[in-house]
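The values are calculated or read from the model by the stated rules, or taken from the named source; none is laboratory data. None of these values were measured; they are calculated from a predicted model. Note: accessible area is taken over every heavy atom of the protein model, side chains too, but ligands, DNA and RNA are not part of it. Shrake-Rupley method; radii C 1.70, N 1.55, O 1.52, S 1.80 Å.
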Amino acid sequence: RRLRSSVSFLQQSQGSAVFMVTSAKPGEGKSVTAANLAVALAQSGSATALVNGDLRRPSLHKLFALNVENGRTEWLEGNDEVNVLLSIANIPGLTLVPAGRQPLHASELLASRRFSQLLDVLRANNEYVIIDTPPVLATADATAVAARVDGVLVVVDRRRTDTQDLLQLRADIERAGGKTVGAVMNRERRRLRLPFSRDGYAYE
């Protein structure tokens, strides 16, 4: 919810806002962060679309316990009969765009005109669009999306993310024409002074 509040300040205009959530390397928590951010936005009353932009290792449908066979891959390849918008039954206002099967050329599909058309449709029907992409240093997929969004949110694992990797990530995003607007610190322990803990502190 704190992240939701921060993201709302980044929405400069009255129109919709599209944010990409990524990380430097796999396993830093970007998909879970993207999913929870989208849920929090929808619960606040904002129509929100959550896009699975990770066509190589999609996981969002698993987080919502959905059995998905077709999705964005098939639609981007020209199959207009595929339904790429799935409503999440217990979360009003949230729509999931599943990945579909793993394509041979994911980066080309994400850089295609069809993907731009899909984003235009999502912008027109939602206040927020959150795109979960692969890690920037793993493939070229994320940089193919970076220039098409309003801002890039980077998930940083305090225990795993290397500073040099973050510098390289920022350089790659900027080279692609994208703009990094913030970072989310994951697996961070914060000391909170509480009266009932043994040493006066508790951690979360």
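To the nearest 10, the accessible area of His105 is 120 Å² with a 1.4 Å probe. Legend: residues Asp157, Asp172, sorted from most to least accessible area (1.4 Å probe; ligands, DNA and RNA excluded), read Asp172, Asp157.
Quick one: order Met185, Met20 from most to least accessible surface, probe 1.4 Å. Please list the in-between numbers first.
Working: Met185 110, Met20 0 Å².
Ranking Met185, Met20 by accessible area, largest first, yields Met185, Met20.
Of the whole protein surface, Glu28 contributes about 10 Å² of accessible area at a 1.4 Å probe radius.
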